[in-house]
Amino acid sequence: MQSIHIASDHTGVDLKTTLAEHLGKKGFTVVNHGTDSSDSCDYPVLAHKLCAAVEASGDPGILICGTGLGVSIAANRHPDIRAALCTTELHARMARQHNNANVLCLGARITGVELAKAIVDAFMENTFEGGRHQRRLDMLNLPA
Ligand code: RB5
């Protein structure tokens, strides 16, 4: 079964644990990159760690902070990461179908648990449509 990487800062530990359990029940192998403590920590550290694992493995990832904003900004500094901050199932579906997102970002202080599970399901169940969307993805990174 497919692996998925997951990480959060201190604000997202409970949601991370719940989503990891949810994904495990669906048969996914969930790789937890922390944090597992409620002690305050810095979201860019977790975001960069998660993105390195996604880049190395080719598996998708989930990043959680309070709003989802910080982790998405950090993750999108990686040239091979397409991180999508999603607050609806439609966001998650389109992020996969059109943007080929490989990291889903969630805000633990924004999105409730049941909606977060539905967003994760939409993210995992949908795939990239390619075609004209690939042409657009090829334009995302600035020339070196
Ligand atoms: C932590 O208080 C909070 O700033 C962080 O979780 C995140 O929301 C940043 O974007």
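FYI, it's all coordinate maths here, none of it is from the lab. Keep in mind it's a predicted model, so treat the numbers as computed, not measured. A quick note on method: Cβ atoms are made from the backbone with ideal geometry, for glycine too, and the neighbour counts reach across all protein chains shown.
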Residues of region 11-45 being more than 13 Å from Ile64 (Cβ to Cβ) and of a type in the set (D, E, K, R), in sequence order, are Glu21, Lys25, Lys26, Asp39, Asp42
Filter result for the condition that a residue is under 21 Å from Gln2 (Cα atoms), small (Gly, Ala, Ser), more than 16 Å from the ligand (Cβ to nearest atom) and in contact with a His (Cβ under 6 Å, 6 or more places away or on another chain), over Gly27, Gly61
Gly61
Being without any contact (Cβ under 8 Å) to a residue 40 or more places away in the chain and away from the ligand (no atom under 15 Å from the Cβ) is the filter here; which residues of region 1-24 pass it?
Met1, Thr17, Ala20, Glu21, Gly24
Scan (1) among the hydrophobic types (A, V, I, L, M, F, W, C); (2) in a helix (DSSP H, G or I); (3) within 13 Å of the chain's Cα centre (by Cα) for the single condition Ala56 breaks and write down its number.
(3)
Note on Ser8: of the conditions (1) over 18 Å from Thr67 (Cα atoms); (2) surrounded by 17 or more Cβ atoms within 10 Å (Cβ to Cβ); (3) in contact with a Gly (Cβ under 9 Å, 6 or more places away or on another chain), unmet is (1)
List, please: which pairs have Cβ atoms under 6 Å, are six or more places apart or on different chains, and start with a residue in region 76-102 that is under 18 Å from Arg135 (Cβ atoms) and end with one that is acidic (Asp, Glu)?
Asp80/Glu55; Gln97/Glu129
Residues in region 114-133: is at least one within 16 Å of the ligand (Cβ to nearest atom), surrounded by fewer than 16 Cβ atoms within 10 Å (Cβ to Cβ) and closer than 20 Å to Lys16 by Cβ?
no
Could you check how many residues of region 73-110 are within 12 Å of the ligand (Cβ to nearest atom) and under 17 Å from Val13 (Cα atoms)?
6
Look through Leu63, Leu106 and report the one residue that is crowded, with 17+ Cβ neighbours inside 10 Å, assigned to a strand (DSSP E or B) and touching a residue at least 60 places away in the same chain (Cβ under 8 Å).
Leu106
Quick check: is even one residue across region 29-47 within 11 Å of the chain's Cα centre (by Cα) and either aromatic (Phe, Trp, Tyr) or farther than 14 Å from Ser8 by Cβ (or both)?
no
